[in-house]
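Enquirer: Here you go, one structure.
The values are calculated or read from the model by the stated rules, or taken from the named source; none is laboratory data. None of these values were measured; they are calculated from a predicted model. Counting neighbours? That spans all protein chains shown, and the Cβs are built from the backbone with ideal geometry, glycine included. Just the protein is used for accessible areas: all its heavy atoms, side chains included, with ligands, DNA and RNA removed. Shrake-Rupley method; radii C 1.70, N 1.55, O 1.52, S 1.80 Å.
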Amino acid sequence: MKPAITLLAVFSCALTAAALAADEPFRPEAGKFPPVEKAYSYRGELVFVDHANRRGSLRVAGSGVFRRNDPQPFAMLPYGMVRYHNAPADLRDIPLGTVLHVRAFLPPDPKLSAVPVLPVNNKEKTSGYGDAGSAPAENHVLLLEDEPSHCQREGLVWKLKEVDLGNNQGMIVASREPKAGTGAGGDSKASEETLSFDAATRIWRGRECLTLDDLIAEGTWPGSGKKSLNDQAVLLGITWKPTLGGVFTRFHISDIWLDDAAMQRAAHVQTETHKAFIRTRWMPAWVDAVEYGKFGRATVTATLFGGMDETLYAEFKTGIAAVMNGVENTLKHTEGGTAGPAQMAARGKILDVTKTPGEAPLGSSGIQVRFETDLITEGLRPTRVVRIRPADWPDVHLPREEYLNSGNFSHEDRFPTPAIFPKY
């Protein structure tokens, strides 16, 4: 079985071309993974998160003054993937202020959208400050990733040109370039960018977390003034902070990973965090087909969603006991009972696990499971989203906001309406 990151790498070229190919807005269909080349690409600062409903708001970078851009709501598609520190993640893992890269589509069903639905051509409109592109209608996200995840998927690094330091803060001139040929010289076609940093910037080397004072003490960086960094290849974590001097758009460095060992360590920690999360919330999937039997018996064929660590997929094995439950498009459990999802979920056995031929589309693992139960529940229908877990995964009680109370079902219980987002 291929690692999830390998599946992401397969789509690197397609994602690189996505911004050029997505001129026409695209609306995904239920039960079909959308082609990534139809996605619209942009980036922005994470300013609000509603983690229980897999949505939030981004201040999208456009053509004008970044700080004036109104935060734009977004919702993760049920099969939408989050990547942080080049590892699987949940929205709750990403600090506010982080600058994220987005691949997104129009809402699949505007009537069921958990965020405001905008005019299809909204990204072409110009605001009062002339900032076109800061409010795209493509707010249903297939892939959301931070800067190091984006760079490693596309084979890029940041090459540091020059540092200017004084009073424990300063500026770095750098450019994002292809990783091949990471020595001095750089790519003359890559545009340089000036990024701020300060004493809170974390600098990672191997197992060490360094400070500015450490780099100054060892002579790597000057105590004050400028120094050439000779195109040193690193990975950066990027955020945004209010900037002095009336600069329209300047991003801030939260982290610098000086070597592969440091980045791999960060990815390992985040991977373990996410594995523990999925084992308590269950693996998301959608139903491909249902074969109904007598007296509530049924066999459900479902495709597991992509983006998880390979070890989680490996735990779905033929013949093991499993539990399956219907969920909303927000991945919130619908059959909650009064004690949580496990109380009302369908129980049974995994009959077989197969890998569909060819490369799986982004959002899909390409892995299908056939699950047999003697008491099928309402939410297990074709094209519906479900969660499934091996029976030996932790049987824990979820916090109240992450499942629906079956005795008090309403639209508001499914997810708060888009009215929670302000109108600027």
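Enquirer: Can you work out which of the residues in the range 236-275 that are closer than 30 Å to Pro390 by Cα and without any contact (Cβ under 8 Å) to a residue 24 or more places away in the chain is least open to solvent (accessible area, probe 1.4 Å)? Quick ask: steps written out before the conclusion?
Expert: To start, the set of residues in the range 236-275 that are closer than 30 Å to Pro390 by Cα comprises 264-275.
The next check asks that each one be without any contact (Cβ under 8 Å) to a residue 24 or more places away in the chain; those that pass are 264, 272.
Values: Gln264: 123, Glu272: 80 Å².
Filtering first and then ranking leaves Glu272.
Enquirer: If the requirement is being within 17 Å of Ile350 (Cα to Cα) and of a type in the set (Ser, Thr, Tyr), which of these qualifies: Thr311, Thr280, Thr299, Thr330? Please lay out each step first, then the result.
Expert: Values: Thr311 fails: within 17 Å of Ile350 (Cα to Cα); Thr280 fails: within 17 Å of Ile350 (Cα to Cα); Thr330 fails: within 17 Å of Ile350 (Cα to Cα).
Just one listed residue meets the conditions, Thr299.
Enquirer: Only one residue in Val115, Val99 is open to solvent by less than 10 Å² (accessible area, probe 1.4 Å), assigned to a loop (DSSP other than H, G, I, E, B) and among the β-branched types (Val, Ile, Thr). Which one?
Expert: On the way: Val99 fails: assigned to a loop (DSSP other than H, G, I, E, B).
Just a single option satisfies the conditions, and that option is Val115.
Enquirer: If I filter the range 151-174 down to residues being over 30 Å from Ile216 (Cβ atoms) and assigned to a helix (DSSP H, G or I), which single residue comes out as nearest to the chain's Cα centre (by Cα)? Spell out the reasoning first.
Expert: Going through the range 151-174, the residues over 30 Å from Ile216 (Cβ atoms) turn out to be 153-155.
Add one more test, that the residue is assigned to a helix (DSSP H, G or I), and what stays is 153-154.
On the way: Arg153: 13, Glu154: 15 Å.
Only one residue tops the list, namely Arg153.
Enquirer: Need pairs with beta-carbon distance below 8 Å; first residue over 22 Å from Ser175 (Cβ atoms) and within the range 211-229, second in a helix (DSSP H, G or I) and open to solvent by less than 60 Å² (accessible area, probe 1.4 Å); sequence gap 6+ or separate chains.
Expert: Gly223/Ile216
Enquirer: Can you tell me how many residues in the range 276-319 are part of a helix (DSSP H, G or I), open to solvent by 50 Å² or more (accessible area, probe 1.4 Å) and in contact with a Phe, Trp or Tyr (Cβ under 9 Å, 6 or more places away or on another chain)?
Expert: Here the count works out to 1.
Enquirer: Mind telling me which of the residues Thr301, Thr318, Thr383, Thr330 ends up being in contact with an Asp or Glu (Cβ under 8 Å, 6 or more places away or on another chain), among the polar types (S, T, N, Q) and under 30 Å from Ala104 (Cα atoms)? Before the answer, list the steps.
Expert: On the way: Thr318 fails: under 30 Å from Ala104 (Cα atoms); Thr383 fails: in contact with an Asp or Glu (Cβ under 8 Å, 6 or more places away or on another chain); Thr330 fails: in contact with an Asp or Glu (Cβ under 8 Å, 6 or more places away or on another chain).
Among Thr301, Thr318, Thr383, Thr330, only Thr301 is in contact with an Asp or Glu (Cβ under 8 Å, 6 or more places away or on another chain), among the polar types (S, T, N, Q) and under 30 Å from Ala104 (Cα atoms).
Enquirer: How many residues does the range 49-79 contain that are open to solvent by less than 20 Å² (accessible area, probe 1.4 Å), within 18 Å of Arg103 (Cα to Cα) and either assigned to a loop (DSSP other than H, G, I, E, B) or among the aromatic types (Phe, Trp, Tyr) (or both)?
Expert: Matching residues across the range 49-79 total 2.
Enquirer: How many residues are farther than 20 Å from Tyr79 by Cβ and not in a loop (DSSP other than H, G, I, E, B) when one looks only at the range 327-378?
Expert: First pass over the range 327-378, keeping only residues farther than 20 Å from Tyr79 by Cβ: 335-340, 342-352, 372-378.
Restricting the remaining residues to those that are not in a loop (DSSP other than H, G, I, E, B) gives 342-344, 346-352, 372-373.
Residues in the range 327-378 being farther than 20 Å from Tyr79 by Cβ and not in a loop (DSSP other than H, G, I, E, B): 12 in total.
Enquirer: Quick one: how many residues across the range 1-48 are within 15 Å of the chain's Cα centre (by Cα), part of a helix (DSSP H, G or I) and modelled with pLDDT of 50 or more?
Expert: 1
Enquirer: Let me ask something else. Here are the criteria: (1) open to solvent by less than 50 Å² (accessible area, probe 1.4 Å); (2) at pLDDT below 95; (3) more than 30 Å from the chain's Cα centre (by Cα). Tell me which single one Ala184 does not satisfy.
Expert: So the condition that Ala184 fails would be (1).
Enquirer: Can you tell me which residues in the range 206-219 are open to solvent by 50 Å² or more (accessible area, probe 1.4 Å) and in a loop (DSSP other than H, G, I, E, B)?
Expert: Residues satisfying the conditions are Arg207, Thr211, Glu218.
Enquirer: Additional query: For the range 77-89, indicate whether the set of residues that are over 26 Å from Ser365 (Cβ atoms) and not basic (Lys, Arg) is non-empty. Before you say what the answer is, go through the steps one by one.
Expert: To start, the set of residues in the range 77-89 that are over 26 Å from Ser365 (Cβ atoms) comprises none.
Among the residues of the range 77-89, not one is over 26 Å from Ser365 (Cβ atoms) and not basic (Lys, Arg), which makes the answer no.
Enquirer: Oh, and also: Given (1) under 12 Å from Val369 (Cβ atoms); (2) over 28 Å from the mean Cα position of the chain (by Cα), identify the lone condition not met by Thr356.
Expert: Result: Thr356 passes all but (2).
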